[in-house]
Amino acid sequence: MIPAAFEYSRAASLDDALAKLRATNGAGKFIAGGHSLVPLMKLRLSEPKVLIDIARIPGLSGIRKQGDRIEIGAGTVHHEVATSALLRQACPIVSEAAAGIGDPQVRNRGTLGGSLAHADPAADYPAVMLALDADISLKAPNGVRTVKASDFFRGLFTVDLAADEIIVSVQFNPVKSAAYAKLYQRASHFAIVGVAAALGVSDGVIRSARIGLTGASSHATRLAEVEQALTGKPASKQTIEAAARVAGAKLEPVNSDIHASEEYRRAMIPVFTERALTRALERAS
Amino acid sequence: MSQVSMTVNGKVRKATVDPRVLLVYFLRDQLRLTGTHIGCDTSQCGACTVMIDGRSAKSCTIFAVQADGSEITTIEGLATNGQLHPLQQGFWEEHGLQCGFCTPGMIMAAVTLLKDNPSPSEREIREGITGNFCRCTGYQHIVNAIQHAATKR
Ligand SMILES: Cc1cc2nc3c(=O)[nH]c(=O)nc-3n(C[C@H](O)[C@H](O)[C@H](O)COP(=O)(O)OP(=O)(O)OC[C@H]3O[C@@H](n4cnc5c(N)ncnc54)[C@H](O)[C@@H]3O)c2cc1C
Ligand code: FES
Ligand code: FES
């Protein structure tokens, strides 16, 4: 499969990337790992006239501690997230999700920023970013802004990212008692249903709960009804079972495609919610 | 057109390429390194796996220009002085192939696997080759071949 012709250039810095993008007058696109974009270009579903390669911008990749928070650069490949000692110790949900993306070759090339910008309805990271209440930093020629993950994902392949902006990084408070569970499509490993659960537990009580769901609808969303059913309750198996039972009940519409019917997805949302919650609670102790 | 320069199997190769040429076509058609195969051309099967800067990658999902400045290793670059690489030896000893179409990609994926984890369990081996499809062997002899290489090194 041969994509439409394009010009290629490499960005040396964030400012250079933004300047190069602006110079294309809307005909250009960034390429990071290329593991969403190249397949689309082969199918000619995307035909950028200019590709600006951001994969080698110094400092765009890396996982850093910033006071109490953790920052992951947009250019960080999934493999690095999956194997990060810092994340595995302080916030294992992120490594767990990254380790389940695609296959080793995909994880060696694909990036966090690319996954968030592309916002595939079945991508893993969006659910995790929702559960961690992550901040996403975006840079434009006229400055930097920060968007909450809960405001970032807007619709099918649609995010709050302006045409002249680049994702720089995500930041979040690490949560140990958090876990990601997915029912995955056997060939691609994309989520048919993926649930990310982050709990705040003290003195045997669930003080806070954030649940992110992916794969089931046009874009990743929080499951408010489950969060409410958990908050303030004893940190027990019974609480989790009762809360998981209502998962997705109010979700409309739910995807139906060659991988799974709506009915099947609806049945699996509670199952994977319970699995994620159970593992999150195990990590709390 | 773009100028690229990359080290392929230890040799610096400079060329002029159309930016839309995928790395796998560059390797096969321009450099005549036809050991790297094209199976699906849709990022699924792993037949096109090569190493880029020391890690496995599907060369059908990367434009050659993206690899400008990189070090590439293909199946042709594994043997040293006519001496098979331990993984090639493993596939030979354990009968890790039938038609052989998946084998170059399978071996390049396994090189990265053993680099990260020199003594993997059977499960870890199976996970390490999830990006590679084999339509002949049923995988068991491939797993044996990788185990052979892991223990014989
Ligand atoms: C076989 C296969 C299996 C996969 N399985 C899974 C899976 O199980 N789960 C999953 O979540 N994903 C999966 N993926 C997708 C994979 O994770 C992609 O790598 C990821 O979605 C995109 O990241 P990228 O760096 O490759 O982005 P690219 O393809 O380079 O870019 C994607 C889009 O994002 C834009 N972009 C990239 N970086 C930035 C940035 N910093 N700022 C602004 N815009 C940017 C680009 O312009 C483009 O529009 C799979 C992919 C393949 C090929
Ligand atoms: S040819 Fe590249 S993955 Fe199949
Ligand atoms: S040996 Fe034939 S595809 Fe693997």
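Side notes on the structure shown:
- Checked against (1) assigned to a loop (DSSP other than H, G, I, E, B); (2) of a type outside the set (S, T, N, Q); (3) surrounded by fewer than 16 Cβ atoms within 10 Å (Cβ to Cβ), A:R22 passes all but a single condition, namely (1).
- B:T73 vs. criteria within 16 Å of ligand 1 (Cβ to nearest atom), within 14 Å of chain A (Cβ to nearest Cβ), of a type in the set (S, T, Y) and within 26 Å of B:T42 (Cα to Cα): no
- Exclusive hit being away from every other protein chain (no Cβ under 14 Å), at pLDDT 95 or above and crowded, with 20+ Cβ neighbours inside 10 Å, set B:F26, B:F91: B:F91
- A Cβ distance below 8 Å, combined with a sequence gap of six or more or placement on separate chains, defines the contacts here; from the stretch B:95-110, residues that are within 13 Å of B:V143 (Cβ to Cβ) reach residues that are within 11 Å of ligand 2 (Cβ to nearest atom) and assigned to a helix (DSSP H, G or I) in the pairs B:A109/A:Q105.
- Selection of the stretch A:150-199 for residues being free of Cβ contacts under 8 Å to residues at least 24 places away in the same chain and within 17 Å of A:L112 (Cβ to Cβ) yields only A:D160.
- Qualifying residue in the stretch A:46-55 (condition: over 19 Å from B:R55 (Cα atoms), in a helix (DSSP H, G or I), within 14 Å of chain B (Cβ to nearest Cβ) and without any contact (Cβ under 8 Å) to a residue 24 or more places away in the chain): no
- A single member of B:G90, B:G69, B:G131, B:G105 is of a type outside the set (D, E) and either within 13 Å of ligand 3 (Cβ to nearest atom) or assigned to a strand (DSSP E or B) (or both), and it is B:G105.
- The residues of the stretch B:53-66 that are more than 7 Å from chain A (Cβ to nearest Cβ) and assigned to a helix (DSSP H, G or I), listed by number, are B:S59, B:C60, B:A64.
- Considered as a group, the residues in the stretch A:64-83 that are surrounded by fewer than 21 Cβ atoms within 10 Å (Cβ to Cβ) and away from chain B (no Cβ under 14 Å) include one that is nearest to A:F6 (Cα to Cα), and that residue is A:E71.
- A:V106 meets the conditions (1) within 24 Å of B:P19 (Cα to Cα); (2) not in a helix (DSSP H, G or I) in every case but one. The failed one is (2).
- Candidates B:I129, B:I72, B:I107: the one that is in contact with an Asp or Glu (Cβ under 9 Å, 6 or more places away or on another chain) and outside the structural domain of B:S43 (by TED's automatic domain parsing) is B:I129.
- So A:I93, is it closer than 30 Å to A:G212 by Cα, more than 14 Å from every other protein chain (Cβ to nearest Cβ) and at pLDDT 95 or above: yes
- Among the residues here, B:E122 does not qualify as touching a residue at least 40 places away in the same chain (Cβ under 8 Å), surrounded by fewer than 20 Cβ atoms within 10 Å (Cβ to Cβ) and away from chain A (no Cβ under 14 Å).
- Each residue in the stretch A:186-207 was checked for being within 16 Å of ligand 2 (Cβ to nearest atom) and modelled with pLDDT of 95 or more, and 2 of them qualify.
- Residue match in the stretch B:29-47 (condition: within 8 Å of another protein chain (Cβ to nearest Cβ) and part of a strand (DSSP E or B)): no
Okay, residues lined up against (1) surrounded by fewer than 22 Cβ atoms within 10 Å (Cβ to Cβ); (2) more than 15 Å from the chain's Cα centre (by Cα); (3) within 14 Å of chain B (Cβ to nearest Cβ):
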| site | (1), (2), (3) |
| --- | --- |
| A:N108 | no, yes, yes |
| A:M129 | no, no, no |
| A:I136 | no, no, no |
| A:G143 | yes, yes, no |
| A:F152 | no, no, no |
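- Within the stretch B:35-53, tally of residues that are touching a residue at least 60 places away in the same chain (Cβ under 8 Å), more than 6 Å from ligand 2 (Cβ to nearest atom) and crowded, with 22+ Cβ neighbours inside 10 Å: 3
- Of all residues making up the stretch B:134-153, the number that are surrounded by 14 or more Cβ atoms within 10 Å (Cβ to Cβ), more than 16 Å from ligand 2 (Cβ to nearest atom) and in a loop (DSSP other than H, G, I, E, B): 2
- Boolean, B:S56 is hydroxyl-bearing (S, T, Y), within 21 Å of B:C136 (Cα to Cα) and more than 16 Å from ligand 3 (Cβ to nearest atom): no
The values are calculated or read from the model by the stated rules, or taken from the named source; none is laboratory data. Every value quoted in this text rests on a predicted model; they were computed, and no experiment measured them. Glycine gets a Cβ as well: all are built from the backbone with ideal geometry, and neighbour counts include every protein chain shown.
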